[in-house]
Amino acid sequence: MAGRAAGAFASLVGGSPVWSERMRRRILKLAGVALAHDARVHPYVRFVGSPHRLTIRSGAFVNVGLLVGGNADVVIEERASIGPNVQLIPTTHELGGHEQRAGATKSAPIRVGRGSWLGAGVIVLGGVDIGDGCVIAAGSVVTRDCEPDGLYGGTPAKLLRQL
């Protein structure tokens, strides 16, 4: 399965709450998600584009409402926890002229480090590497890399303290 069709299938069928977690995992794998056998993915996962760029590693937990862009690699490492309604958006636009500010698209990968925790409603933009063991406070917008074992919060997210 390729492209938009895979994204629609993964979002509409794989993201449905009617399936058991085991069946959801099978459907998402069929759609192209690289999903570890023991990763847990709750319902309402949605894809913008193809799901084949998403990797969810062993022991990771994804709560309800994850939104994932499909134009660059998105990796959720081992034992990372993703809160409800998190958005992992690897694509943005160049700044265009005044007649059309949203210029050409550009995409960059996202990595959520081992053991990290993204709180509810966090938005992570393209090109961001969240270091291992980080905590990102609910509602934060992450626009830059996060060093390992840091607590980050705000818009844009800033280091609040080392853990």
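Quick note: the coordinates plus some simple rules give every number you see, no bench work behind them. Small disclaimer: the values here were computed from a predicted structure and weren't measured. For neighbour counting, all protein chains shown are included, and Cβ atoms are generated from backbone atoms with ideal geometry for every residue, glycine included.
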Q | Karplus-derived HN-Hα couplings along the stretch 77-86 (A = 6.51, B = -1.76, C = 1.60, θ = phi - 60°), whole Hz, x at Gly and Pro | A | 6, 3, 6, 6, 10, 10, x, x, 6, 7
Q. Which shape class applies to the chain: rounded if a/c is under 1.5, otherwise prolate when a/b exceeds b/c and oblate if not, where a ≥ b ≥ c are the square roots of the Cα gyration tensor eigenvalues?
A. oblate
Q. What is the distance in Å between the Cα centres of the stretch 1-47 and the stretch 136-163?
A. 28
Q. Projected onto the charge dipole of the chain (+1 at Lys/Arg Cβ, -1 at Asp/Glu Cβ, origin at the Cα centre), which of Leu54, Leu88, Leu125 gives the Cα projection farthest towards the positive end?
A. Leu54
Q. To the nearest 20 debye, what charge dipole does the chain have about its Cα centre, counting +1 at the Cβ of each Lys and Arg and -1 at the Cβ of each Asp and Glu?
A. 480
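Around His42, under 14 Å between beta carbons, what's the net of Lys plus Arg minus Asp minus Glu among the other residues? Could the numbers behind the result be given before it?
Values: positive: Arg22, Arg24, Arg25, Arg40, Arg46; negative: Glu21.
Computed value for this residue: +4.
Kindly state, to the nearest 0.05, the FRET efficiency for Ala102 paired with Ser16, given R0 = 35 Å and r defined as their beta-carbon distance. Please list the in-between numbers first.
Numbers: r = 32 Å, r/R0 = 0.91.
The formula returns an efficiency of 0.65 here.
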Q | Share, in percent, of DSSP beta bridges within the stretch 18-150 that are antiparallel, nearest 5 | A | 10
Q) What full-extension length gain, to one decimal in nm, is calculated for Arg40 and Leu159 as 0.36 nm per residue of separation minus the Cα-Cα distance? A) 40.0 nm
